[in-house]
Amino acid sequence: MALRYIPREVEKKWQEKWAADRIYEVTEDKSRPKFYALTMFPYPSGALHIGHWYAMAPSDVHARFKRMQGFNVLHPMGFDAFGLPAENAAISRGIHPYKWTMGNVENMRQQLRSMGTIYDWSREMVSCLPDYYHWTEWFFLKLYHAGLAYRAKAPVNWCPRCQTVLANEQVIGEGYCERCGAQVTKKELEQWFLRITKYADELLDFSGIVWPERIQAMQTNWIGRSEGAELSFGLEHEDVAEKEIRAFTTRPDTIFGVTFFLLSPEHPLVSQLTAPAQRAEVEEYVDWCRRQADYERTAVGREKTGVFLGSYVVNRLNGEKVPIWITDYVLPSYGTGAVMGVPAHDERDFEFARKFNIDIRTVIAPPDWSGGEPTEAWSGQGMMVNSGEFNGLSSERGYEAICDLLEDKGWGKRTVTYRIRDWLISRQRYWGAPIPMVYCDRCGVVPVPEEDLPVLLPPDAEFKPTGESPLKYCEPFVNTTCPKCGGPGRRETDTMDTFMCSNWYFLRYTSPGEDSAPFDDHKIAYWMPVDLYTGGAEHAVLHLLYSRFFTKALRDLGLIDFGEPFTRLFNQGIIVYRGGKMSKSKGNVVAPDEYVRELGADAVRAYLMFIGPWGLGGEWSDSGLVGMSRWLNRIWRLVGVGYAGKASVPEADRELRRLTHKTIRKASEDLEKLRFNTMLACLMEFTNYLSKVQEARSVSTPAWEAAITYLLLLLAPTAPHLAEELWARTGHPYSIHNQSWPEYDTELAKDKEITLVVQVNGKLRDKLVVPASIGEAEAKELALGRQRVQAYTNVKGITKVIYVPERLVNVVTS
């Protein structure tokens, strides 16, 4: 066997062989358990960098592992090709988005192939192609007919640089566009929405899925379910027909502490309730607020602002007249757009009252309250005071008693509100799936018939942003026939948010060639839901939340029979380079192509998994990659040099078998739990041991050959090209990737056990039977937890604990 390992030759050879043999193409097979492993598909925004590889290579390793375990593995790939990133890049280069996007798709496809993945390329889908967005449009119509898609006028987030509307989830930080970083403003437009709020409670239920707690927390906080009461405040204003304004509160027990009443500047009654003397100041303030983003208005620490309207509401429980103010921190989208001001028991209200010299009245007594005016807001529970007939009740009991009174009197009711708003999907851009609706002067809003789908994007439209949809100025697209009356009609010129396409792509992979439906029902039943979904945590309240909503909606439409798309979710960490997260926007990306040519894809794959725990990430280092390349070369030499051992060496053979089975156990457990770095450390230890065996020729030839066979099988998911080559060179049948994952002997794989003596001040007090591999920290913890030891240490303090490896733990007391 040649002693020189040339990765690019080996990898090219096997990639071509696998493609020709279509070894990774998958069909439904009910005789085997299925495993649907999916990595979030990328934007075709240029070229893959090492950050992309970090998302994709480890997930491919795990998919290969499951395949060798006997699972029928679906591990597909495609491209999330619509949206602002591709369109903005095309505009800056002066070329059509389609040409730019498809050129990038071809380039990224080749890069992904060079990675040595098991993607079934026959299932590839590209979301900007008509055979895909046909069905995105079809889903929109289904949602529309079910009342889950609707059109409404609303204040929306507007990015002046991207010249388009943003969903709330796409506004980040202190009110910035997640795409370009521009400050987001407000604009009022007719828009299309999806009724995600209908599923708010169900989206809070994570039972039956295994997702990271932080993602569950992020979605829970975004949905923002609040239990409380809606209260009626009396309104006696001669120019206003309404006789009440309702406000939501989570603390009805503080109703007697209301000293002011707040409306959002956009509340419809503001103009009518404004006294003539206040009108100029109010109108100026309202105009200022409308230019502020929601994130700015509600930012923690922001100085409180507001204007008194010159009118009042009446607190029905005590008859007091309460002044009405408007303030920016009350949003029209939350609750009723009205808030009762209780400064003694809410931090923001406290700051507002202090600034405008409004009374602060304690109605829930804090611990050790002396009866004076508070110096800070108390938001906890306590005894009710200054609350009329409810004095002396605990705030918990008072909550229920006041709610009962409100409901008896018809002044309010227990209710629930949510922070989440319906999903705004309209975009004033060219590069997106058309919204299949027609406007007719006679018939109104008319859906395009399903048989007329897809509504195609016109290739000759001017796509540069103007603040209105570019399609608005493409007359051949706009001018059409009303599907209902046959008269002249106008097409909807907004396009859909790109997340509409990623809402369901995981369903399309199950049957991408289906042309009469979005998917084949039988294939969906076999493959779905996705067993393991991997990708970045930054999608927590965007793609991941939208996909869950979409899946539940399709279930209720009778299109599928499950309610969660992804059974298990894992979020990888980030690659750091030159002091920051690797990203194109920061200009610190590392291109993999040169490293692949010089050191091989297997080396890059293995190094990315060794860099640190996959869930945390790590820092890219060229020297670390070179070190990984050296290890793979060592394996090449280890297998290639050959071995001529002794006929039989029972004790040495037994020790090698024991270590082999321990390695199989460790690698299997780590791969199952996505602990790639410790799996590789285990394989490195095994190769170190084999190198010593080879040098000493200390085991028999059969024992050596068995160990090498196991090593190659364990290596196959991580370094698929090298393992395939060495498998062939050692006389095994093609392909190693069609072999079964090795099983370990439980007895052989057990850790060697030793007895640790436990002493207190040098005297024997206990003994511990522990694995020989136990570490110092664990040994000390076990010793200190023993009752016999604690009998001597509970009275006297512990001065120090001495650990002698494989012998004893000595606890020294004062």
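Can you work out which of the residues in segment 465-476 that are loosely packed, with under 12 Cβ neighbours inside 10 Å and in contact (Cβ under 8 Å) with a residue 24 or more places away in the chain is farthest from the chain's Cα centre (by Cα)? Selected residue: Thr466.
Only one of the numbered conditions (1) assigned to a helix (DSSP H, G or I); (2) at positive phi is violated by Gly731, and that is (1).
Counting only residues that are over 39 Å from the mean Cα position of the chain (by Cα), open to solvent by 10 Å² or more (accessible area, probe 1.4 Å) and closer than 20 Å to Pro332 by Cα, segment 244-269 holds 2 of them. For beta carbons closer than 6 Å, sequence separation of 6+ or different chains, a first residue in segment 729-753 that is open to solvent by 60 Å² or more (accessible area, probe 1.4 Å) and a second that is modelled with pLDDT of 95 or more and aliphatic (A, V, I, L, M), the qualifying pairs are Tyr744/Ile664. Screening segment 1-43 for residues that are part of a strand (DSSP E or B) and open to solvent by less than 20 Å² (accessible area, probe 1.4 Å) and picking the one that is nearest to Tyr54 (Cα to Cα) gives Thr39.
For every residue, the table says whether it meets (1) without any contact (Cβ under 8 Å) to a residue 60 or more places away in the chain; (2) closer than 25 Å to His145 by Cα; (3) out of contact with any strand residue (DSSP E or B) (no Cβ under 6 Å at 6 or more places or on another chain); (4) acidic (Asp, Glu).
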{"position": "Trp378", "(1), (2), (3), (4)": "yes, no, yes, no"}
{"position": "Gly382", "(1), (2), (3), (4)": "yes, no, no, no"}
{"position": "Ser395", "(1), (2), (3), (4)": "no, no, no, no"}
{"position": "Glu400", "(1), (2), (3), (4)": "yes, no, yes, yes"}
{"position": "Leu406", "(1), (2), (3), (4)": "no, no, no, no"}
{"position": "Ile420", "(1), (2), (3), (4)": "no, yes, yes, no"}
{"position": "Gly432", "(1), (2), (3), (4)": "no, yes, no, no"}
{"position": "Phe463", "(1), (2), (3), (4)": "no, no, yes, no"}
{"position": "Val478", "(1), (2), (3), (4)": "yes, yes, no, no"}
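Taken over segment 793-814, the criterion of being over 46 Å from the mean Cα position of the chain (by Cα), surrounded by fewer than 16 Cβ atoms within 10 Å (Cβ to Cβ), in contact (Cβ under 8 Å) with a residue 12 or more places away in the chain and not in a strand (DSSP E or B) is satisfied by Lys796, Gly797, Arg807, Ser814.
Just name the residue that is farthest from the chain's Cα centre (by Cα) out of those in segment 579-617 that are basic (Lys, Arg) and at pLDDT 90 or above.
So the first thing to find is which residues in segment 579-617 are basic (Lys, Arg), and the list is 581, 584, 586, 597, 605.
Within this subset, residues satisfying the condition of being at pLDDT 90 or above are 597, 605.
Working: Arg597: 33, Arg605: 23 Å.
The qualifying residue farthest from the chain's Cα centre (by Cα) is Arg597.
Just one residue in the set Ile708, Ile754 is more than 17 Å from Lys13 (Cα to Cα) and in contact with a strand residue (DSSP E or B) (Cβ under 7 Å, 6 or more places away or on another chain); that residue is Ile754. The residue that is farthest from Asp346 (Cα to Cα), among those in segment 273-303 that are without any contact (Cβ under 8 Å) to a residue 60 or more places away in the chain, open to solvent by 20 Å² or more (accessible area, probe 1.4 Å) and in a loop (DSSP other than H, G, I, E, B), is Ala275.
Those residues that are in a helix (DSSP H, G or I) and surrounded by 15 or more Cβ atoms within 10 Å (Cβ to Cβ), I need them from segment 773-789; list them, please. Outline the logic, then answer.
Start the filter on segment 773-789 by keeping residues that are in a helix (DSSP H, G or I), which leaves 776-784, 787-789.
Of everything in segment 773-789, those that are in a helix (DSSP H, G or I) and surrounded by 15 or more Cβ atoms within 10 Å (Cβ to Cβ) turn out to be Ala779, Lys780, Leu782, Ala783, Leu784, Val789.
Quick check on my filter: what residues within segment 70-113 are on the phi < 0 side of the Ramachandran plot, open to solvent by 20 Å² or more (accessible area, probe 1.4 Å), touching a residue at least 12 places away in the same chain (Cβ under 8 Å) and not aliphatic (A, V, I, L, M)?
Step one: list which residues in segment 70-113 are on the phi < 0 side of the Ramachandran plot, which gives 71-82, 84-93, 95-113.
So of that shortlist, the ones also open to solvent by 20 Å² or more (accessible area, probe 1.4 Å) come out as 71, 84-85, 88, 91-93, 95-96, 98-100, 102-103, 106-107, 109-110, 113.
Imposing the further condition that a residue be touching a residue at least 12 places away in the same chain (Cβ under 8 Å) reduces the set to 71, 84-85, 88, 91, 96, 98, 100, 102, 107, 109, 113.
Listed by number, the residues that qualify are Phe71, Pro85, Asn88, His96, Tyr98, Trp100, Asn107, Arg109, Arg113.
Look at Glu266 and say whether it is closer than 21 Å to Asp239 by Cβ, in a helix (DSSP H, G or I), in the same structural domain as Met384 (by TED's automatic domain parsing) and acidic (Asp, Glu).
No, not satisfied.
Out of all the residues in segment 322-374, which are of a type in the set (A, V, I, L, M), more than 22 Å from Ser387 (Cβ to Cβ) and at pLDDT 95 or above? Spell out how you get there, then give the answer.
Applying the first criterion (of a type in the set (A, V, I, L, M)) to segment 322-374 yields 322, 324, 326, 330-331, 338-340, 342, 344, 353, 358, 360, 363-365.
Still in the running and more than 22 Å from Ser387 (Cβ to Cβ): 324, 326, 330-331.
The answer is Ile324, Ile326.
The residue that is nearest to Gly513 (Cα to Cα), counting only those in segment 117-156 that are of a type in the set (Ser, Thr, Tyr) and open to solvent by less than 30 Å² (accessible area, probe 1.4 Å), is Tyr132. Are any of the residues in segment 173-195 at pLDDT 95 or above, buried (at least 17 other Cβ atoms within 10 Å of the Cβ) and polar (S, T, N, Q)? No - not one qualifying residue is present in segment 173-195.
Report those helices (runs of 4 or more DSSP H) wholly inside segment 495-601 carrying at least 1 residues which are polar (S, T, N, Q) and crowded, with 17+ Cβ neighbours inside 10 Å.
Working: elements: 499-502, 505-508, 521-527, 543-556, 593-599.
So the answer is 499-502, 543-556.
In segment 375-396, the residue that is least open to solvent (accessible area, probe 1.4 Å) out of those that are part of a loop (DSSP other than H, G, I, E, B) and small (Gly, Ala, Ser) is Ser387. Note on segment 561-590: residues that are in contact (Cβ under 8 Å) with a residue 60 or more places away in the chain and touching a helix residue (DSSP H, G or I) at 6+ places or on another chain (Cβ under 6 Å) total 6.
Of all residues in segment 397-436, those satisfying the criterion of being of a type in the set (A, V, I, L, M, F, W, C), open to solvent by less than 30 Å² (accessible area, probe 1.4 Å) and assigned to a loop (DSSP other than H, G, I, E, B) are Ile420, Ile425, Trp431, Ala433, Ile435.
Going by the structure shown, is Asp328 out of contact with any strand residue (DSSP E or B) (no Cβ under 9 Å at 6 or more places or on another chain) and open to solvent by 20 Å² or more (accessible area, probe 1.4 Å)?
no
Residues checked against (1) surrounded by 16 or more Cβ atoms within 10 Å (Cβ to Cβ); (2) at positive phi; (3) among the aromatic types (Phe, Trp, Tyr):
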site	(1), (2), (3)
Leu608	yes, no, no
Gly615	no, no, no
Trp620	yes, no, yes
Ser629	yes, no, no
Arg634	yes, no, no
Val639	yes, no, no
Arg654	no, no, no
Lys662	yes, no, no
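In segment 277-299 there is at least one residue that is small (Gly, Ala, Ser), closer than 25 Å to Gly234 by Cβ, out of contact with any Leu (no Cβ under 7 Å at 6 or more places or on another chain) and not assigned by TED's automatic domain parsing to the domain that holds Ile172.
Considering only residues that are of a type in the set (Phe, Trp, Tyr) and either in contact with a Leu (Cβ under 8 Å, 6 or more places away or on another chain) or assigned to a loop (DSSP other than H, G, I, E, B) (or both), look in segment 670-703 and name the one that is surrounded by the fewest Cβ atoms within 10 Å (Cβ to Cβ). Looking at residues that are of a type in the set (Phe, Trp, Tyr) and either in contact with a Leu (Cβ under 8 Å, 6 or more places away or on another chain) or assigned to a loop (DSSP other than H, G, I, E, B) (or both), I get Tyr689.
The values are calculated or read from the model by the stated rules, or taken from the named source; none is laboratory data. Being a predicted model, the structure only gives us computed values, none of them experimental. Quick reminder, even Gly has a Cβ in these numbers, built from the backbone with ideal geometry, and neighbours come from all protein chains shown. All accessible areas refer to the heavy atoms of the entire protein, side chains included, with ligands and DNA or RNA removed. Shrake-Rupley method; radii C 1.70, N 1.55, O 1.52, S 1.80 Å.
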